[in-house]
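J.: Pasting a structure here, questions to come.
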Amino acid sequence: MIKVENLSKIFRTEEVETLALNNISFEVKKGEFIAVMGPSGCGKTTLLNVLGLLDNPTSGSYKLDNTQLANLKERERTKHRKGNIGFIFQSFNLIEELNVYENVELPLVYLKMSAADRKQLVNNVLERMNISHRAKHFPHQLSGGQQQRVAIARSVVSSPKLILADEPTGNLDSKNGKDVMNLLTELNREGSTIIMVTHSQNDAAYAHRIISLFDGEIV
């Protein structure tokens, strides 16, 4: 499903050049659950940003379902992200002005889906995540665990090919963190391909295998 070859990412300013990813190569099969681990500053989030088409690599190849996605223009990256890639962030990244239903509905609006289809999909996923009773609440009215459930619902409502999770339990207590990991495991068992960045050995234990990064290299 994913094939990365000789991928590098360099951040440059007038005074300094930082090699965030150094010539890395790996593959991820459809339906795998991968944990990416390593110390702070090793390139984990940079890798996730490249895989999620939020940024381009400096060099190398990134293929998703045999489509070359490296070095696309922003408009093309946006087009390939829609409906194909779902994001789960440590800080939830919910829109405070929108209620739970509207937050989850947003990716379907971008896909120009009909209102009737949106309603069915949103209601189904809210029920699935056990958050239907909070549909009209706003993010600030929810606990951290509830906010992350909403974020997961938003990431999967369009049935993306790939789910990218950046420290999904980082702001949660142990009980809510375990609940989130169980939800991700359930989604993976149903066919979702998941790549998760984590510092937690406990969270990594849910994955099929671990990719370890150190100073931008796979070790």
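J.: Hey, what did the chain get for relative contact order, percent, Cα under 8 Å, at least 6 apart?
T.: Rounded, it is 31 percent for the chain.
J.: Convex hull over the Cα atoms of the stretch 86-208, averaged projected area in nm²?
T.: Details: hull surface 28.1 nm².
The directionally averaged projection comes out at 7.0 nm².
J.: In debye, nearest 20: dipole of the chain around its Cα centre with unit charges on the Cβ of K, R (+) and D, E (-)? Write out the running numbers ahead of the final one.
T.: Working: 26 positive and 25 negative charges, 162 e Å.
Rounded to the nearest 20 debye, it is 780 debye.
J.: For the charge dipole of the chain, defined by +1 on Lys and Arg C-beta atoms and -1 on Asp and Glu C-beta atoms about the Cα centroid, which residue among ASN93, LEU72, LEU187 has the Cα displaced farthest towards the positive pole?
T.: Going by the Cα projections, it comes out as LEU187.
J.: Which of the lysines could be linked to LYS3 by a straight reach, that is with a Cα gap under 21 Å, when you skip same-chain ones fewer than 8 residues away?
T.: Leaving aside lysines fewer than 8 places away in the same chain, those within reach of LYS3 are LYS29, LYS30, LYS44, LYS63, LYS73, LYS79, LYS82, LYS161.
J.: Next up: Taking a quarter of the surface of the convex hull around the Cα atoms of the chain, what do you get in nm²?
T.: Details: hull surface 49.6 nm².
Quarter of the Cα hull surface area: 12.4 nm².
J.: Share of antiparallel DSSP beta bridges in the chain, in percent to the nearest 5? Before the final figure, lay out the partial values.
T.: Values: 17 of 35 bridges.
Looking only at bridges with both residues in the chain, the antiparallel portion is about 50 percent.
J.: I need two numbers for the stretch 79-124: Rg to one decimal and Dmax as a whole number, Cα atoms only, in Å.
T.: Considering the stretch 79-124 through its Cα atoms, Rg and Dmax are 11.2, 31 Å.
J.: Comparing SER40, SER114, SER155, which has the greatest mean-square fluctuation in the GNM of the chain with Cα pairs linked when under 10 Å apart?
T.: SER114
J.: Over the stretch 22-73, what is the relative contact order in whole percent, taking alpha-carbon pairs under 8 Å and six or more residues apart?
T.: Working: 25 pairs, mean separation 10.5, N = 52.
Computed over the stretch 22-73, the figure is 20 percent.
J.: Can you give me the Kirkwood hydrodynamic radius for the stretch 134-188, using every pair of distinct Cα atoms, in Å to one decimal?
T.: Numbers: mean 1/r = 0.0845 Å⁻¹.
Evaluated on the stretch 134-188, it is 11.8 Å.
J.: Leaving ligands, DNA and RNA out of it, rank GLU15, GLU27 by accessible area with a 1.4 Å probe, largest first.
T.: Values: GLU15 175, GLU27 110 Å².
The ranking, largest first, comes out as GLU15, GLU27.
J.: Another question, then. Could you state the number of Å between the C-alpha centres of the stretch 198-219 and the stretch 160-185?
T.: Centre-to-centre (Cα) distance: 15 Å.
J.: On the protein heavy atoms, probe 1.4 angstrom, tell me the percent of accessible surface of the stretch 98-219 carried by carbon and sulfur.
T.: On the way: 2830 of 5910 Å².
Carbon plus sulfur share of accessible area: 48 percent.
J.: Over the stretch 90-154, what is the relative contact order in percent, taking alpha-carbon pairs closer than 8 angstrom and at least six residues apart? It would help to have the intermediate numbers written out before the result.
T.: Details: 60 pairs, mean separation 33.5, N = 65.
That works out to 52 percent.
J.: Once you've got the GNM for the chain with C-alpha springs shorter than 10 Å, pick whichever of GLN120, GLN141, GLN68 has the biggest mean-square fluctuation.
T.: In this elastic network of the chain, the residue with the biggest mean-square fluctuation among GLN120, GLN141, GLN68 is GLN120.
J.: With a probe of 1.4 Å, find how much accessible area the stretch 76-142 has per residue, and write the answer as a whole number in Å².
T.: Numbers: 3810 Å² over 67 residues.
Counting only protein heavy atoms, the per-residue value for the stretch 76-142 is 57 Å².
The values are calculated or read from the model by the stated rules, or taken from the named source; none is laboratory data. Computed from a prediction, not measured in an experiment: that's the story for all the values here. As a convention, Cβ positions derive from the backbone with ideal geometry for all residues, glycine included, and neighbour counts pool all protein chains shown. Areas reflect the complete protein model, heavy atoms only, side chains present, ligands, DNA and RNA absent. Shrake-Rupley method; radii C 1.70, N 1.55, O 1.52, S 1.80 Å.
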